[in-house]
Ligand code: FES
Ligand SMILES: [Fe+2]
């Protein structure tokens, strides 16, 4: 269990909350760059950390993330016109630039200084890789831009998708840290998913249902090593990095692309799951890219034109009891991402952690919560910048390796847990 | 594809409003957790955490003697010293236990860890190891074979958090 006040501290991310302030120390994904594909394209509503905003791309290609509501009478700028270097409110024509500065109030005299004094709150919006990132904290403390490897490799080597999850961000993140569920919930995916199957390591995964865990504290977060029996004298290690606040990577399989997630709070009851897949040293093949678009691997098949999964809670995730009986899926829900989402949403929007009973094997989750809480309190009480803000911390990788039984992952493969340009991932 | 949200569907069942119908009844605490300090550095931390009133956890410092009882595969015999001065045998203290947490700051306790690990393993008791301090490498290799979960490094707050998460209050 977790005490209720700690549960609240960790799950609430609106303005003025402890975890909200934590998230506001980092550059976080605000939307996919494909959502603003060209200059003067339609603006997009964005809600993150319980704040409602509008994202747009102006005539010069500048990105803006501004208060959703017009300073005049509070109309949503989603109904506005994105034209000639600004967003014009549809009601009375007030116009704003990408910084939220009002640049035109048509009803005022043409030499009036009225609009100079009107500014909507705004945040920076910057494209790195396939993502438009924002920083919602104190401008004076803006950190350097993110350096996660998936966002830095050439576009031909990387793919990112996004889906809505109707649950608090923390229970979604915890699923990314909890690697003991893979042998159950996702067991069929290891044998049939085009982005997983065929890896040497899969047989070790399926051959040992009782992994040992090592949770290693690291700058920026944790490395969680799950160790299973491999051969007589060796162990198969799957190593999952977690970076504060909400970045996780899945250990790779064979030569399949590496993947991971960002879990970004929309409000306290919903989050965006950004899912990336990339190859550090080679292009993604056409087949790999197509499989990702089709929702295989850790991606989801979304309703066209939306980021809402086809299998979602309004249709019981297309539960298929027959497929479950036939052994094609463990839970009856198809697709790894939605298997996770269905269970995490079933907990309710914010799971009541006072009712949990955790086991020793949940130590990774326990430690991650403790680190988050400690960092949030140190930020609140001492103004301490949390780990993971420093881009040097971003350069991590997951790994899947076979090691002699007497070796520890953290000592023997520490270099493989660092992103190194031009170096292939450690994966079996 | 059917889209409706009648009372039988996930959309309805997983709503915030439905959460309040989650059955409410006293939840059983853990059967029992044992926390064993394997060296004097760990002793201070375990003693500190033991003070916060855990109904279902007991706390000890391990003392090793030559194995006169001949426990199989165990190099030494372990005697457990409680912080109230009571002395107990490992065998007696592992009755009705779910998990044993070993806490260490060095590899000093590696033989005790082996004995505790073997005793837990035959009884199906889960083992965890908390490695305290900076210099963790030797401690980790000493505990690794005997702990299903290792936290490296850990601190006293982690011990509290784990005991709470397991419902040892
Ligand atoms: S078995 Fe883990 S939540 Fe039910
Ligand atoms: Fe999962």
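The values are calculated or read from the model by the stated rules, or taken from the named source; none is laboratory data. All of these numbers come straight from a predicted model, not from anything done at the bench. Positions of Cβ are backbone-derived with ideal geometry, glycine not excepted, and every protein chain shown enters the neighbour counts.
Overview of values
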item	result
Test: residue in the range A:271-282 that is more than 15 Å from residue A:160 (Cβ to Cβ) and within 13 Å of the chain's Cα centre (by Cα)	yes
Count of residues meeting criterion [away from chain B (no Cβ under 14 Å) and either within 16 Å of ligand 2 (Cβ to nearest atom) or within 13 Å of the chain's Cα centre (by Cα) (or both)] in the range A:154-169	5
Positions within the range A:194-217 being assigned to a helix (DSSP H, G or I) and either within 26 Å of the chain's Cα centre (by Cα) or within 11 Å of ligand 2 (Cβ to nearest atom) (or both), in sequence order	A:201, A:202, A:205
Subset of the range A:204-220 (residues that are surrounded by 14 or more Cβ atoms within 10 Å (Cβ to Cβ), more than 16 Å from ligand 1 (Cβ to nearest atom) and at negative phi)	A:204, A:205, A:206, A:208, A:212, A:214, A:215, A:216, A:217, A:218
Subset of the range A:307-346 that is within 14 Å of ligand 2 (Cβ to nearest atom) and not in a helix (DSSP H, G or I) - its residue that is surrounded by the most Cβ atoms within 10 Å (Cβ to Cβ)	A:335
All positions within the range B:145-169 that are more than 7 Å from chain A (Cβ to nearest Cβ) and part of a helix (DSSP H, G or I)	B:145, B:146, B:156, B:159, B:160, B:163
Looking only at the range A:174-186, and only at residues there that are within 14 Å of ligand 1 (Cβ to nearest atom) and away from chain B (no Cβ under 14 Å), the one that is modelled with the lowest pLDDT	A:183
Enumerated strands (runs of 3 or more DSSP E) restricted to the range A:59-170, each holding at least 1 residues that are under 26 Å from residue A:302 (Cβ atoms)	A:63-67, A:125-128, A:131-135, A:158-165
Residue satisfying condition, being modelled with pLDDT of 95 or more and closer than 28 Å to residue A:273 by Cβ, within set A:68, A:83	A:68
Residue that is farthest from residue A:328 (Cα to Cα), among those in the range A:181-193 that are more than 10 Å from ligand 2 (Cβ to nearest atom) and assigned to a helix (DSSP H, G or I)	A:183
The range A:329-346, subset free of Cβ contacts under 8 Å to residues at least 40 places away in the same chain and within 11 Å of another protein chain (Cβ to nearest Cβ), residue farthest from ligand 1 (Cβ to nearest atom)	A:333
Residue in the range A:384-401 that is crowded, with 22+ Cβ neighbours inside 10 Å and either closer than 17 Å to residue B:153 by Cα or over 24 Å from the mean Cα position of the chain (by Cα) (or both) present	yes
Evaluation of residue A:131 against (1) over 25 Å from the mean Cα position of the chain (by Cα); (2) buried (at least 22 other Cβ atoms within 10 Å of the Cβ) (one fails), failing number	(1)
Single residue of A:120, A:132 found to be over 30 Å from residue A:285 (Cα atoms) and more than 16 Å from ligand 1 (Cβ to nearest atom)	A:120
